[in-house]
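Q: I'd like to ask some things about the structure below.
The values are calculated or read from the model by the stated rules, or taken from the named source; none is laboratory data. Computed from a predicted model, the values in this text were never measured in an experiment. Counting neighbours? That spans all protein chains shown, and the Cβs are built from the backbone with ideal geometry, glycine included.
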Amino acid sequence: MADNITIKIEQVQIGNIVVEPTFQREVRRKKVAKIMAEFDKCLFGVPKVKYEDGKYIAVDGQNRLTAASLMNDTARLKGEVAPFDMIACEVVYNATDRQLAKQYAVQDDIKTQISVNDKHRALLEAEDADAILIETLTKSEGFTISNKSSKGFYVITCIGTIKNILVELGSNDYTRMLRLLGKVWKGSPESLSATMLKGMSVFLKMYGDCIINSFFVNNLKKSHPQQIENSTKLNMDVSANYRVAKTIYVLYNKRLHDDVKLPYRF
């Protein structure tokens, strides 16, 4: 039977496609709503369907096909032309359900998954606003974002981490964090590990405007970032991020008068 399988790209009337998951995931309503809300024809892709007994049965892309069908219904209710009367599909002929189920089960194993770093480069090329923002803010403090694993001074490789930190802190505190890191440890690779960055983020979020930059620089520069990160091996009851933040807090307060010390918030 495998030798008789034929695959063609064809335009199929969407009303003729049946979405009835067997070996596939069930249709996810939240995913369907997201596709509809953020619809981009360039990202829609080509769903896969099986032709059998005069019917086209969805094999891969049931969420996209459901979204397209609902968008057609919405358009018709408004008296508008349905956007998906015909849709390009990968049509499989002469394949058994068993063969298609096996293909579905292993399809992710043969794909090359895009990394967070590669995705960031692609989004920059696409002029994505969020990608441009983090690139601009990072460069404004003398740091560069690299999609390579090799580390260097003032080079940040954990792009996923800093994206989350930017969302958590906002632009002002994100650039302040980089500025402090640069002044204290001169952009050393050890100070730019994911654990150190997350710990700094927790510390800044916890104390914000209470932190005096000059105190931070003077007291933290006496400690190597690797020593701070090693502190995460103690007190395993809390996350490594909080353990780094707590160590930074202790070092910040060292030799300060009580009236300018940060309060304990851990």
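Q: Name the residue, out of I9, I17, that is surrounded by 19 or more Cβ atoms within 10 Å (Cβ to Cβ), of a type outside the set (F, W, Y), closer than 17 Å to V91 by Cβ and at pLDDT 90 or above.
A: I17
Q: Just one of the numbered conditions (1) buried (at least 18 other Cβ atoms within 10 Å of the Cβ); (2) modelled with pLDDT of 95 or more is not true of V217; which one?
A: Result: V217 fails condition (1) only.
Q: Please enumerate the residues belonging to segment 35-87 that are hydroxyl-bearing (S, T, Y) and in a loop (DSSP other than H, G, I, E, B).
A: Within segment 35-87, none qualify.
Q: Is one or more of the residues making up segment 111-125 at pLDDT 90 or above, surrounded by fewer than 14 Cβ atoms within 10 Å (Cβ to Cβ) and not small (G, A, S)?
A: Within segment 111-125 (the criterion being at pLDDT 90 or above, surrounded by fewer than 14 Cβ atoms within 10 Å (Cβ to Cβ) and not small (G, A, S)), the answer is no, since none of the residues qualifies.
Q: Just to be sure I understand the filter: pairs with C-beta atoms under 7 Å, separated by 6 or more residues or on different chains, first member in segment 158-175 and touching a residue at least 60 places away in the same chain (Cβ under 8 Å) and of a type outside the set (K, R), second member buried (at least 18 other Cβ atoms within 10 Å of the Cβ) and not in a helix (DSSP H, G or I). Which pairs pass?
A: No pair meets every condition.
Q: So, in segment 133-162, exactly how many residues are at pLDDT 95 or above, assigned to a helix (DSSP H, G or I) and of a type in the set (A, V, I, L, M)?
A: Qualifying residue count, segment 133-162: 4.
Q: Sticking with this structure for a sec: Condition first: under 21 Å from G187 (Cα atoms) and among the acidic types (D, E). Now tell me which residues in segment 110-163 satisfy that.
A: Across segment 110-163, the qualifying residues are E135, E141.
Q: Among the residues of segment 200-214, count how many are surrounded by fewer than 13 Cβ atoms within 10 Å (Cβ to Cβ) and either closer than 10 Å to L251 by Cα or out of contact with any Asp or Glu (no Cβ under 8 Å at 6 or more places or on another chain) (or both).
A: Result for segment 200-214: 4.
Q: Of the numbered conditions (1) modelled with pLDDT under 90; (2) surrounded by fewer than 16 Cβ atoms within 10 Å (Cβ to Cβ), A129 fails exactly one; give the number of that condition.
A: With (1) modelled with pLDDT under 90; (2) surrounded by fewer than 16 Cβ atoms within 10 Å (Cβ to Cβ) applied to A129, the lone miss is (1).
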